[in-house]
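As structure tokens, the structure follows; a few thoughts come after it.
The values are calculated or read from the model by the stated rules, or taken from the named source; none is laboratory data. Predicted model, so just to flag it, every value in this text is computed and none were measured. Positions of Cβ are generated from backbone atoms using ideal geometry, with glycine treated the same way; all protein chains shown enter the neighbour counts.
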Amino acid sequence: MLVAYYARVSTQRQENEQTIDTQILAINDYAKSNNLTIVKEYKDEGWSGTILARPALDELRLDAKNKLWEGLIIYDPDRLARKYSYQSLVIDELEEAGIKVLFVTTPPAITDEDRLLYGVKGLFAEYERTRIADRFRLGKLRKAREGHISTPQAPYGYDYVKKQDQTQGYFRINKREAEVVKMIFSWIADQGFSVRDVVKKLQELNISPRRSKRGVWNTSTLSNILRNETYVGKAYYYKSYAVVPENPLKQEKYRKVKKTSRRLRPHEEWINIPCPRLINQELFDRTRQQLKSNFELCNRNKKNEYLLSGRIYCICGKRRNGEGPQKGKHLYYRCSSRVQSFPLKSDCEERGVNARIADKITWDRISKLMSSPELIRKQAERWMSNKSVKKVNANGSIEILEKELDSLKKEEQRYLKVYGAELITFEKLQDLLRDIKANQASLEGQISALKEQSLDIPKNLPNKEQIRLFAQKAKELLPILGFETKRVIVRELVDKITASQREMTIYGYLPIGKENNYVNFWSINRDSGITQCWKVDAV
């Protein structure tokens with residue numbers, strides 16, 4: 001029989017200790033003793049078993065549907081997943097595809113009693129993992145209350161001395177880094193530097209941070225240093241806790257750590273651990289006050305009128321931000337690469353786009369479209385034809401999502417049977433069903449949305465009279481609108497604008513009716529002219 005195998009380790013330490021090689025060695029021995037031929041390998045190194053979205057596991061599940069092999073060997077069920085619900089979901093999916101799942105440490109489940117015992121073993125493994133994590137947390141909490149530092153990563157300016165014999169770990173002042181920290185606080189408190197001024201100064205002095213791919217300081221790193229009370233002798237523990245970010249900056253398909261954001265606990269729960277002091281409290285307070293004054297007096301806080309803010313991008317793919325040199329005398333949309341790469345040279349060589357010209361071109365184009373019955377009719381016909389194509393694509397996606405929903409419902413029934421056999425408590429059942437219910441709700445919402453998209457497209461476009469009235473009203477109102485109203489309209493209608501000094505492309509849609517009547521509009525090859533810092537070209 002042609003088979004594949006799957007192996008996983010969850011930490012860097014396990015990778016270094018080559019525990020994944022131990023799994024593979026046992027799998028190869030198992031294959032030889034059972035006359036199985038391994039044709040493909042799947043390995044997730046450094047991935048937690050509590051995360052289901054893993055690169056190798058996803059590839060495995062896709063290949064199983066394509067019947068690239070007949071069986072799958074895994075060293076132990078907990079290598080597949082640390083949650084029993086995840087184990088059951090993947091195994092059922094593989095078996096439905098006709099793939100035989102084999103474990104080196106566990107004989108295959110043949111009877112219903114074997115499957116029940118296998119499920120109980122998975123639940124106990126999940127429970128054991130939870131107990132270990134809780135004991136580890138309580139141990140760190142106890143050490144912190146006794147005044148011991150348990151974090152291996154010391155703040156900049158300190159070195160962490162590991163536990164030796166009877167001596168617990170502690171922070172020791174790093175003399176070279178400590179001098180840099182003192183200079184940073186002094187520059188802001190005594191010389192009125194901004195955080196970006198500090199970045200420039202450190203770059204001029206060739207002082208690099210501990211860890212940086214670019215070798216320069218980030219403003220966020222300096223801001224964390226300037227807020228850190230460790231430098232005045234207060235190393236707080238239990239100050240915050242990890243959470244899943246509500247609006248992550250990066251939408252990544254595979255994330256080894258889900259809880260990448262943090263929230264502060266109430267101040268009374270913080271545990272203060274004494275540590276060596278680098279600066280006095282008075283300098284720390286003056287620095288914080290100066291940073292507050294810098295923010296209040298910053299020229300960037302003076303609002304200029306940028307009609308396309310939040311919608312305009314550079315041709316390199318990064319967002320363009322508004323910038324007003326000479327106190328707003330000249331307004332530009334500049335590529336954010338300049339800010340992100342600071343103080344190094346920007347990777348993008350595109351120059352700024354004159355904001356007043358870009359705003360006028362965009363608004364004129366929107367006004368022209370909204371005021372022209374002919375353009376509206378033409379774009380409405382194109383939109384209708386595009387919707388018909390999307391309807392066909394949506395029908396295929398609905399079938400896939402409905403199959404996943406059926407699998408979750410079957411999994412829910414299995415848990416209910418285990419509870420009915422009095423093998424788990426009601427509280428444990430609720431915990432197990434919580435993720436399943438959430439996934440069901442998510443799938444049902446996606447299916448509902450796709451079904452709405454796949455509804456029959458109205459055969460009739462808005463009639464000529466409706467379009468004429470819409471265009472006439474738009475022609476009367478658009479010239480008298482104020483800036484704020486214009487910006488609201490642009491943000492509602494425009495999805496994205498890609499711009500250089502020579503060209504602008506606008507993507508968006510225009511609602512002209514109450515039910516599914518939208519119009520795509522676009523603008524291309526619009527010459528905005530080359531501008532200079534002392535001149536604004538006329539349109």
>> Being at pLDDT below 90 and surrounded by 19 or more Cβ atoms within 10 Å (Cβ to Cβ): is that true of ALA235 here?
In response: yes
>> For region 101-110, give me each residue that is modelled with pLDDT of 75 or more and exposed (fewer than 14 other Cβ atoms within 10 Å of the Cβ).
In response: THR105, PRO107
>> Quick check on my filter: what residues within region 184-195 are surrounded by 15 or more Cβ atoms within 10 Å (Cβ to Cβ) and of a type outside the set (Gly, Ala, Ser)?
In response: ILE184, PHE185, TRP187, ILE188, PHE193, VAL195
>> Let me spell it out: the conditions are (1) surrounded by 11 or more Cβ atoms within 10 Å (Cβ to Cβ); (2) out of contact with any strand residue (DSSP E or B) (no Cβ under 8 Å at 6 or more places or on another chain), and GLY169 meets all of them except one. Which number is the exception?
In response: (2)
> If you check every pair at least six apart or on different chains, which have Cβ atoms under 7 Å apart with a residue in region 284-302 that is assigned by TED's automatic domain parsing to the domain that holds SER186 and of a type in the set (Ser, Thr, Tyr) first and a residue that is at pLDDT 85 or above and surrounded by 10 or more Cβ atoms within 10 Å (Cβ to Cβ) second?
Replying inline: THR287/PHE185; THR287/ILE188; THR287/ALA189; THR287/LEU226
> Any idea which of ARG196, ARG214 is at pLDDT 85 or above, out of contact with any helix residue (DSSP H, G or I) (no Cβ under 6 Å at 6 or more places or on another chain), over 30 Å from PHE136 (Cα atoms) and of a type in the set (D, E, K, R)?
Replying inline: ARG196
> more than 20 Å from ASN174 (Cβ to Cβ) and either modelled with pLDDT under 85 or assigned by TED's automatic domain parsing to the domain that holds SER10 (or both), is that true of LYS259?
Replying inline: yes
> If you take the residues of region 311-355 that are among the polar types (S, T, N, Q) and in a loop (DSSP other than H, G, I, E, B), which of them is farthest from ARG502 (Cα to Cα)?
Replying inline: SER341
>> Looking only at region 184-235, how many residues end up being more than 24 Å from the chain's Cα centre (by Cα) and assigned to a helix (DSSP H, G or I)?
In response: 25
> Exactly one of (1) surrounded by fewer than 18 Cβ atoms within 10 Å (Cβ to Cβ); (2) over 21 Å from ILE38 (Cβ atoms); (3) within 30 Å of the chain's Cα centre (by Cα) is unmet by LYS65. Its number?
Replying inline: (2)
> Pick from region 109-167 the residues that are touching a residue at least 60 places away in the same chain (Cβ under 8 Å) and hydrophobic (A, V, I, L, M, F, W, C): which of them is nearest to TYR86 (Cα to Cα)?
Replying inline: LEU123
> Here are some conditions: (1) touching a helix residue (DSSP H, G or I) at 6+ places or on another chain (Cβ under 9 Å); (2) more than 30 Å from LEU62 (Cβ to Cβ); (3) among the charged types (D, E, K, R); (4) at pLDDT 80 or above. ASP456 meets all but one. Which one does it not meet?
Replying inline: (4)
> Looking at (1) within 29 Å of the chain's Cα centre (by Cα); (2) loosely packed, with under 15 Cβ neighbours inside 10 Å; (3) in a helix (DSSP H, G or I); (4) modelled with pLDDT under 80, which is the only condition GLU404 fails?
Replying inline: (2)
>> Could you check region 486-509 and list, in sequence order, the residues that are of a type in the set (Ser, Thr, Tyr) and assigned to a strand (DSSP E or B)?
In response: THR498, THR505, TYR507, TYR509
> Among GLU126, GLU177, GLU113, which is assigned by TED's automatic domain parsing to the domain that holds LEU80, on the phi < 0 side of the Ramachandran plot and under 35 Å from the mean Cα position of the chain (by Cα)?
Replying inline: GLU126
> Across region 237-289, what is the number of residues that are touching a strand residue (DSSP E or B) at 6+ places or on another chain (Cβ under 8 Å) and outside any loop (DSSP other than H, G, I, E, B)?
Replying inline: 13
